[in-house]
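What follows is a single structure, written as structure tokens, with notes after it.
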Amino acid sequence: MIGITKAYVTRVGSGPFPTELRDDVGERMTDVGQEFGTTTGRRRRVGWFDAVLARYAARVNGLTEHFLTKLDVLSAFDTLKVCRAYRYAGEEYDRFPPHQSIFHHAEPVYEELPGWCTDITGVNDYADLPKEAQAYVDRLEELAGVPIRWVSVGPARSQTLARA
């Protein structure tokens, strides 16, 4: 089963969102990623990649591989963050918390990775991506526990890169 995920997280509507960015970084990610509803034009909420959520989605959906989209959006950032766990009441959760109330109040535990700060939309082969972009994809794959087989660096079909 193939799962599709963005290189960062988005959400529409209210509810818990531990990695939500309510700052200039979030505004920039929204603008660069054009994160507005196609029908309503409503702004999507954006946040750093959430590996806890990715692992949960992979487990409950029986995912065997991932298609990672919008990697090109992250070219705008010097440093990237990835949520590897949640923290609540002094405890760390690397799996989805057992109670909804924990999820509502969870704080992300981040690790930082270097950005690549170069336009990757013209890249035609995964091996030609900057080493920092490849390292980011490798880390997401490791944290999510599911192989990432394809990566998109733009909306066109020709901007889909197969990963060996």
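In the list 75, 101, which residue meets the criterion of being exposed (fewer than 14 other Cβ atoms within 10 Å of the Cβ) and either at pLDDT 95 or above or more than 13 Å from the chain's Cα centre (by Cα) (or both)?
The unique qualifying residue is 101.
Looking only at the range 37-49, how many residues end up being part of a strand (DSSP E or B) and at pLDDT below 95?
Summing the residues that are part of a strand (DSSP E or B) and at pLDDT below 95 in the range 37-49 gives 1.
Looking only at residues in the range 111-125 that are under 19 Å from residue 49 (Cα atoms) and not hydrophobic (A, V, I, L, M, F, W, C), which one is surrounded by the fewest Cβ atoms within 10 Å (Cβ to Cβ)?
Going through the qualifying residues, I end up with 112.
Does residue 128 satisfy the condition of being more than 19 Å from residue 6 (Cα to Cα), without any contact (Cβ under 8 Å) to a residue 12 or more places away in the chain and exposed (fewer than 13 other Cβ atoms within 10 Å of the Cβ)?
It is true that residue 128 is more than 19 Å from residue 6 (Cα to Cα), without any contact (Cβ under 8 Å) to a residue 12 or more places away in the chain and exposed (fewer than 13 other Cβ atoms within 10 Å of the Cβ).
Out of everything in the range 104-120 that is assigned to a loop (DSSP other than H, G, I, E, B) and closer than 17 Å to residue 47 by Cα, what residue ends up being modelled with the lowest pLDDT?
Top of the filtered list is 106.
Got a sec? Which of 123, 82, 151, 73 is touching a residue at least 24 places away in the same chain (Cβ under 8 Å), among the aliphatic types (A, V, I, L, M) and part of a helix (DSSP H, G or I)?
Only one candidate passes the filter, namely 73.
Look at the range 126-140 and say how many of its residues are in a helix (DSSP H, G or I) and either closer than 20 Å to residue 29 by Cβ or at pLDDT below 95 (or both).
Final tally of qualifying residues: 7.
With respect to residue 108, determine if the residue is surrounded by 15 or more Cβ atoms within 10 Å (Cβ to Cβ) and without any contact (Cβ under 8 Å) to a residue 24 or more places away in the chain.
Criteria not met by residue 108.
The values are calculated or read from the model by the stated rules, or taken from the named source; none is laboratory data. Bear in mind the structure is a predicted one, so any value in this text is a computation, not a measurement. Neighbour counts run over all protein chains shown; Cβ positions are idealised from the backbone, glycine included.
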